[in-house]
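A.B. asks: A single structure is presented below for examination.
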(Lines give C-alpha, C1' and ligand atoms only; values in the text may rest on other atoms or scores of the structure.)
Protein backbone atom coordinates (compact mmCIF):
# COMPACT_ATOMS: atom_id res chain seq x y z
CA UNK A 1 0.00 0.00 0.00
CA UNK A 2 1.00 3.56 -0.69
CA UNK A 3 0.17 6.57 1.51
CA UNK A 4 0.05 9.48 -0.93
CA UNK A 5 -0.38 13.23 -1.13
CA UNK A 6 0.22 15.97 -3.69
CA UNK A 7 2.29 18.91 -2.56
CA UNK A 8 4.94 21.54 -3.07
CA UNK A 9 8.56 21.22 -2.06
CA UNK A 10 10.38 24.24 -0.67
CA UNK A 11 13.70 25.76 -1.78
CA UNK A 12 16.60 25.18 0.62
CA UNK A 13 16.77 28.86 1.53
CA UNK A 14 13.10 28.79 2.60
CA UNK A 15 13.60 25.57 4.57
CA UNK A 16 16.60 27.18 6.31
CA UNK A 17 14.46 30.19 7.29
CA UNK A 18 11.80 27.87 8.72
CA UNK A 19 14.34 25.99 10.85
CA UNK A 20 15.15 29.32 12.54
CA UNK A 21 11.64 29.29 14.02
CA UNK A 22 12.07 25.85 15.59
CA UNK A 23 12.71 26.72 19.22
CA UNK A 24 11.07 28.06 22.32
CA UNK A 25 8.26 25.51 22.63
CA UNK A 26 9.03 22.94 25.28
CA UNK A 27 7.66 19.54 24.28
CA UNK A 28 7.45 20.28 20.54
CA UNK A 29 8.85 17.70 18.14
CA UNK A 30 10.42 19.73 15.34
CA UNK A 31 10.45 18.32 11.82
CA UNK A 32 13.71 18.02 9.89
CA UNK A 33 14.01 20.51 7.02
CA UNK A 34 13.88 17.72 4.42
CA UNK A 35 10.29 17.00 5.53
CA UNK A 36 9.01 20.54 4.95
CA UNK A 37 6.35 20.72 2.24
CA UNK A 38 3.02 22.37 1.54
CA UNK A 39 0.27 19.78 1.02
CA UNK A 40 -2.10 20.48 -1.86
CA UNK A 41 -4.25 17.37 -1.40
CA UNK A 42 -3.95 14.41 0.94
CA UNK A 43 -4.89 11.28 -1.00
CA UNK A 44 -4.46 8.54 1.58
CA UNK A 45 -3.81 4.81 1.25
CA UNK A 46 -3.98 3.16 -2.15
CA UNK A 47 -2.60 0.15 -3.99
CA UNK A 48 -0.30 0.25 -7.04
CA UNK A 49 -3.28 0.64 -9.39
CA UNK A 50 -4.48 3.65 -7.39
CA UNK A 51 -0.96 5.04 -7.47
CA UNK A 52 -0.95 4.83 -11.28
CA UNK A 53 -4.41 6.45 -11.45
CA UNK A 54 -3.30 9.32 -9.22
CA UNK A 55 -0.06 9.83 -11.17
CA UNK A 56 -1.98 9.90 -14.47
CA UNK A 57 -4.60 12.30 -13.09
CA UNK A 58 -1.96 14.71 -11.80
CA UNK A 59 -0.12 14.61 -15.12
CA UNK A 60 -3.20 16.21 -16.66
CA UNK A 61 -3.21 19.23 -14.33
CA UNK A 62 -2.50 22.48 -16.17
CA UNK A 63 -1.80 25.54 -14.05
CA UNK A 64 0.59 28.48 -14.24
CA UNK A 65 3.83 28.81 -12.29
CA UNK A 66 3.68 31.46 -9.58
CA UNK A 67 5.45 33.21 -6.74
CA UNK A 68 4.65 32.28 -3.15
CA UNK A 69 5.43 33.97 0.15
CA UNK A 70 5.17 32.15 3.46
CA UNK A 71 3.99 34.34 6.31
CA UNK A 72 2.62 34.19 9.81
CA UNK A 73 2.51 31.24 12.18
CA UNK A 74 -0.17 29.28 13.95
CA UNK A 75 -1.22 25.93 15.31
CA UNK A 76 -3.88 23.33 14.70
CA UNK A 77 -5.92 22.01 17.59
CA UNK A 78 -7.77 24.82 19.32
CA UNK A 79 -7.92 23.17 22.76
CA UNK A 80 -5.26 20.50 22.37
CA UNK A 81 -2.53 21.71 20.00
CA UNK A 82 -1.20 19.07 17.62
CA UNK A 83 0.85 20.95 14.99
CA UNK A 84 2.78 24.21 14.66
CA UNK A 85 2.85 25.77 11.21
CA UNK A 86 3.75 28.68 8.96
CA UNK A 87 1.11 29.88 6.50
CA UNK A 88 1.25 30.79 2.86
CA UNK A 89 -1.42 31.54 0.33
CA UNK A 90 -1.99 33.24 -2.99
CA UNK A 91 -4.74 33.11 -5.59
CA UNK A 92 -2.45 31.03 -7.83
CA UNK A 93 -1.85 28.51 -5.02
CA UNK A 94 -5.59 28.17 -4.39
CA UNK A 95 -6.13 27.73 -8.14
CA UNK A 96 -3.48 24.96 -8.31
CA UNK A 97 -4.95 23.19 -5.29
CA UNK A 98 -8.40 23.27 -6.83
CA UNK A 99 -7.07 21.79 -10.10
CA UNK A 100 -5.24 19.04 -8.21
CA UNK A 101 -8.27 18.18 -6.04
CA UNK A 102 -10.58 18.10 -9.07
CA UNK A 103 -8.23 15.86 -11.08
CA UNK A 104 -7.88 13.40 -8.21
CA UNK A 105 -11.63 13.41 -7.54
CA UNK A 106 -12.38 12.65 -11.20
CA UNK A 107 -9.88 9.76 -11.04
CA UNK A 108 -11.76 8.29 -8.07
CA UNK A 109 -9.32 9.44 -5.37
CA UNK A 110 -11.00 12.40 -3.66
CA UNK A 111 -8.79 12.37 -0.55
CA UNK A 112 -9.65 14.67 2.32
CA UNK A 113 -12.64 16.97 2.00
CA UNK A 114 -11.40 19.57 4.49
CA UNK A 115 -11.28 23.20 3.43
CA UNK A 116 -7.83 23.99 2.03
CA UNK A 117 -5.71 25.67 4.70
CA UNK A 118 -2.29 26.24 3.07
CA UNK A 119 0.52 25.77 5.55
CA UNK A 120 3.91 24.18 6.16
CA UNK A 121 4.03 22.10 9.32
CA UNK A 122 7.31 22.75 11.14
CA UNK A 123 6.62 20.82 14.33
CA UNK A 124 4.23 18.59 16.23
CA UNK A 125 2.82 19.80 19.51
CA UNK A 126 1.76 16.64 21.36
CA UNK A 127 1.85 17.60 25.02
CA UNK A 128 2.25 21.33 24.32
CA UNK A 129 -0.23 23.55 26.14
CA UNK A 130 -2.58 25.84 24.27
CA UNK A 131 -0.88 28.81 25.93
CA UNK A 132 2.58 27.78 24.68
CA UNK A 133 1.28 27.16 21.15
CA UNK A 134 -0.50 30.53 21.16
CA UNK A 135 2.67 32.22 22.39
CA UNK A 136 4.64 30.60 19.52
CA UNK A 137 2.05 31.83 17.01
CA UNK A 138 2.09 35.36 18.45
CA UNK A 139 5.89 35.52 18.53
CA UNK A 140 6.10 34.58 14.84
CA UNK A 141 2.98 36.33 13.54
CA UNK A 142 5.11 38.76 11.50
CA UNK A 143 7.34 36.04 10.00
CA UNK A 144 7.66 36.31 6.22
CA UNK A 145 9.80 34.43 3.74
CA UNK A 146 9.79 34.88 0.00
CA UNK A 147 8.57 35.32 -2.55
CA UNK A 148 10.00 32.21 -4.15
CA UNK A 149 9.14 30.60 -7.48
CA UNK A 150 6.86 27.60 -7.66
CA UNK A 151 7.42 25.88 -10.99
CA UNK A 152 6.27 22.35 -10.21
CA UNK A 153 4.31 20.20 -7.80
CA UNK A 154 4.84 16.60 -6.73
CA UNK A 155 3.18 13.30 -5.92
CA UNK A 156 4.64 12.24 -2.58
CA UNK A 157 4.70 8.94 -0.75
CA UNK A 158 4.75 9.04 3.04
CA UNK A 159 6.79 6.35 4.79
CA UNK A 160 5.75 6.21 8.47
CA UNK A 161 8.48 5.50 11.02
CA UNK A 162 9.22 5.50 14.73
CA UNK A 163 10.98 8.86 14.47
CA UNK A 164 8.26 10.36 12.26
CA UNK A 165 7.45 10.05 8.60
CA UNK A 166 9.86 10.28 5.69
CA UNK A 167 8.54 11.75 2.43
CA UNK A 168 9.56 10.52 -1.01
CA UNK A 169 8.79 12.36 -4.26
CA UNK A 170 7.44 9.77 -6.71
CA UNK A 171 6.55 12.09 -9.61
CA UNK A 172 7.02 15.77 -10.45
CA UNK A 173 4.68 17.84 -12.59
CA UNK A 174 5.73 21.11 -14.21
CA UNK A 175 3.63 24.26 -14.08
CA UNK A 176 3.61 26.36 -17.23
CA UNK A 177 5.04 29.83 -17.57
CA UNK A 178 2.32 32.46 -17.06
CA UNK A 179 1.45 34.51 -20.12
CA UNK A 180 2.08 38.21 -19.94
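The values are calculated or read from the model by the stated rules, or taken from the named source; none is laboratory data. None of the values given here were measured: they were computed from a predicted structure. Positions of Cβ are backbone-derived with ideal geometry, glycine not excepted, and every protein chain shown enters the neighbour counts.
A.B. asks: Considering only residues that are assigned to a loop (DSSP other than H, G, I, E, B), touching a helix residue (DSSP H, G or I) at 6+ places or on another chain (Cβ under 8 Å) and within 23 Å of residue 27 (Cα to Cα), look in region 144-178 and name the one that is modelled with the highest pLDDT.
C.D. replies: So the residue we want is 165.
A.B. asks: Look at region 106-117 and say how many of its residues are surrounded by fewer than 13 Cβ atoms within 10 Å (Cβ to Cβ) and farther than 16 Å from residue 77 by Cα.
C.D. replies: 3
A.B. asks: Looking at region 6-28, I want the residues that are at positive phi and outside any helix (DSSP H, G or I) and have a partner that is modelled with pLDDT under 95 and surrounded by fewer than 20 Cβ atoms within 10 Å (Cβ to Cβ) with Cβ atoms under 7 Å, at least 6 apart or on another chain. Which pairs are those?
C.D. replies: 27/127
A.B. asks: Quick one: which of 100, 120 is under 22 Å from residue 21 (Cβ atoms), buried (at least 19 other Cβ atoms within 10 Å of the Cβ) and at pLDDT 95 or above?
C.D. replies: Values: 100 fails: under 22 Å from residue 21 (Cβ atoms).
Testing whether each residue is under 22 Å from residue 21 (Cβ atoms), buried (at least 19 other Cβ atoms within 10 Å of the Cβ) and at pLDDT 95 or above leaves just 120.
A.B. asks: Give the residue that is farthest from residue 175 (Cα to Cα), with candidates limited to residues of region 65-98 that are part of a helix (DSSP H, G or I) and touching a strand residue (DSSP E or B) at 6+ places or on another chain (Cβ under 9 Å).
C.D. replies: To start, the set of residues in region 65-98 that are part of a helix (DSSP H, G or I) comprises 91-98.
Cutting the leftovers down to touching a strand residue (DSSP E or B) at 6+ places or on another chain (Cβ under 9 Å) gives us 91-93, 95-97.
Numbers: 91: 15, 92: 11, 93: 11, 95: 12, 96: 9, 97: 12 Å.
Once the filter is applied, the top-ranked residue is 91.
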